[in-house]
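Please treat every number below as a calculation from the coordinates, not as lab data. Keep in mind it's a predicted model, so treat the numbers as computed, not measured. Neighbour counts are summed over all protein chains in view; Cβ atoms, including those assigned to glycine, are modelled from backbone coordinates with ideal geometry.
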Amino acid sequence: MTTARANAISAINNYRANGQAWNFRETPTSEIFGSNVFGDTAMKDRLPKSVYKAMQATIKQGKPLDPNIADAVALAMKDWAIEKGATHYAHVFYPLTGITAEKHDSFLTPTGDGHAVCEFSGKELIQGEPDASSFPSGGLRATFEARGYTAWDPTSP
């Protein structure tokens, strides 16, 4: 057996989840629910006041999302998520097949010198481009034609 294979098997056998284990007898589920949502409390704590007000106008009054605040929201959201241990994010979408789907992306961007930086822009927050080519379409469609876009709905928790 090669060293790489032996190391991979060893890593799998010795894997231990590093996530927080919840003791549901000590912590009620109602306290845990929504704890990983970038909601009103997180926005109020992390966004500049003017950006927070603009977000609230979109969420509560249905005003159009101001694209000029997207970078500030994305930065606050990325920092909040990384503090909670996130390395990736997902755009959840609902294709016309009647099932849900997710497109996962990473905050990490390789720098080319063997390192990586964490990035997340307003453009990435507002609109994503899911690769729907693996979804059953019922037809013979070329995969390059399987395009779609996701748009962030700031009114949805």
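For segment 60-86, the residues whose amide N sits under 19 Å from a probe point set 7 Å from the Cα of residue 49 along the beta carbon direction are 69, 72-73. Residues of segment 81-108 with the amide nitrogen closer than 18 Å to a label point 7 Å from the Cα of residue 35, along Cα-to-Cβ, please. Once the point is set 7 Å along Cα→Cβ of residue 35, 81-87 turn out to lie under 18 Å by backbone N, inside segment 81-108.
Distances between placed amide hydrogens fall under 5 Å for residue 127 paired with 152, all partners being 5 or more residues away or on another chain. Sorting the segments 98-111, 40-53 by their residues' average number of neighbouring beta-carbon atoms within 10 angstrom, most packed first, yields 40-53, 98-111.
Between residue 56 and residue 15, with labels modelled 7 Å along Cα→Cβ, what's the label distance in nm to one decimal, could you check? For residue 56 paired with residue 15, the spin-label model returns 4.4 nm. With R₀ set to 35 Å, the beta-carbon distance separating residue 4 from residue 84 gives a calculated FRET efficiency near 0.60.
Could you sort the peptides 82-95, 26-39, 62-75 by per-residue average Cβ neighbour count (10 Å cutoff), highest mean leading? If you can, show how the numbers build up before the last one.
Details: 82-95: 13.1, 26-39: 10.4, 62-75: 15.6.
Packing order, densest peptide first, comes out as 62-75, 82-95, 26-39.
A crude spin-label estimate for the pair residue 92 and residue 119, with each label 7 Å from Cα along the Cβ direction, gives 2.8 nm.
Past 18 Å, Cα to Cα: identify those pairs from 60/103; 103/123; 78/123, in the order given. Intermediate values should be presented prior to the final figure.
On the way: 60/103 27 Å; 103/123 15 Å; 78/123 13 Å.
Exceeds cut-off: 60/103.
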